[in-house]
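Derivation of every value follows stated rules applied to the coordinates shown; laboratory data play no part. Worth saying up front: this structure is predicted, and the values here are computed from it rather than measured. We place every Cβ from the backbone using ideal geometry, glycine too, and count neighbours over all the protein chains shown.
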Amino acid sequence: MSQDDVVASRSGFLCQYMSHHQDTLVAYVKYFGERKGNVTSARMTAIDGKSMSLEFVEDGTTQTIRLLIEPPLEIYDEVKPRLIAMREEALEGLGMDAQPVIKEYRLPDARLALPVVGLLSLLIYTTFAASPSIGAQIRSAVGGMPTLKAIWGFVFVTHLGESVYMAGLCKRHKTGVPLGSLWVLSVAACGFPFWIKFRQIVQQARIASIKKT
């Protein structure tokens, strides 16, 4: 198998990974693809050692483009640093605002938030349910209060770490104390759906900054 095939064989994983970096993909299309229209979204559909294929929406029309990777990638370990280098070149060339100021608050997508809220609600109910009840039966089945205490400990540590991360994002994007506190408290209560939503807002703001250049 050639080294190019090694990159191509992991194309699916790389495309999935890049789906979380809309701003980067739009920058690739605008800069390396020399598109002058209003590119609002993009997704990577394939990548190998010599090129990447992107599908994007420009002025409301879905189009495709193939961008050459020069020089070609010789080994898989070159993929990430090369994509980062291309990103930095594109952002600089486009004048994209890498750290836009965020002054808004949005609720996360229901598909992410509802399962988390449901699990936390079940945990609260199971912890405090009086006997006899379904909650008490569940509590007994999972090992009683020692198990629930361990679960609560995991939730606390995880949400604490996520809150610190969220605070860093708020500082970086200059939300201000009141708005930043709302974001941090939301993450402390419900976890990752809120910081994912915040990052989506940041990506949208970066893309919007390209349109103005």
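Miscellaneous remarks
- Reported label for calculated P(r) over Cα pairs in 10 Å bins from 0, in percent given (i) 7, 29, 28, 22, 12, 2, 0; (ii) 9, 35, 38, 17, 2; (iii) 8, 25, 25, 22, 13, 7, 1: (iii)
- Among GLN137, GLN99, GLN16, the residue with the largest mean-square fluctuation in a Gaussian network model of the chain, with springs joining Cα atoms closer than 10 Å, is GLN137.
- Under 5 Å, built H, 5+ apart or other chain: amide partners of ALA46: SER53
- Per residue of the chain, the DSSP helices (runs of n ≥ 4 H) give a summed -39500 (n - 2.57) that works out to -20000 deg cm²/dmol at 222 nm.
- Angle between the chain longest axis and helix 177-190 axis [Cα atoms, degrees, rounded to 10]: 70
- In terms of other Cβ atoms within 10 Å, ASP23, ASP97, ASP59 run from fewest to most in the order ASP59, ASP97, ASP23.
- Of the residues ILE69, ILE138, ILE84, ILE207, the one with the fewest other Cβ atoms within 10 Å heads the list, and the complete ranking is ILE84, ILE138, ILE69, ILE207.
- Assuming charge only on the beta carbon of Lys and Arg (+1) and of Asp and Glu (-1), the dipole of the chain about its Cα centre is about 880 debye to the nearest 20.
- Chain lengthening between ALA98 and LEU160 when straightened (0.36 nm per residue, less Cα-Cα): 19.7 nm
- Total formal charge among the other residues, if their Cβ is under 15 angstrom from that of VAL177, Lys/Arg +1 and Asp/Glu -1: +4
- Convex hull volume per residue for the range 110-211, taking Cα atoms only, in Å³: 104
- Measuring between alpha carbons in the structure, the pairs from LYS30/LYS80; LYS80/LYS197; LYS149/LYS171; LYS30/LYS171; LYS36/LYS171 lying more than 26 angstrom apart are LYS149/LYS171; LYS30/LYS171; LYS36/LYS171.
- The ellipsoid equivalent to the alpha-carbon distribution of the range 3-94 has semi-axes of 21, 14, 11 angstrom, derived from the gyration tensor eigenvalues as √(5λ) and listed largest first.
- Qualifying GluC sites (Glu not before Pro) in the range 75-122, DSSP loop, other Cβ atoms within 10 Å at most 15: GLU104
- With neighbours defined as other Cβ atoms within 10 Å of a residue's Cβ, the residues MET86, MET96 order from fewest to most as MET86, MET96.
- Dividing the mean sequence gap of close Cα pairs (under 8 Å, 6+ apart) by how many residues the chain holds gives a relative contact order of 21 percent.
- Proximal charge balance of THR127 [Cβ under 11 Å; K/R count +1, D/E count -1]: +2
- Estimated vicinal HN-Hα couplings, Hz - the range 48-55 in sequence order (Karplus 6.51, -1.76, 1.60; Gly, Pro = x): 9, x, 10, 7, 10, 10, 10, 10
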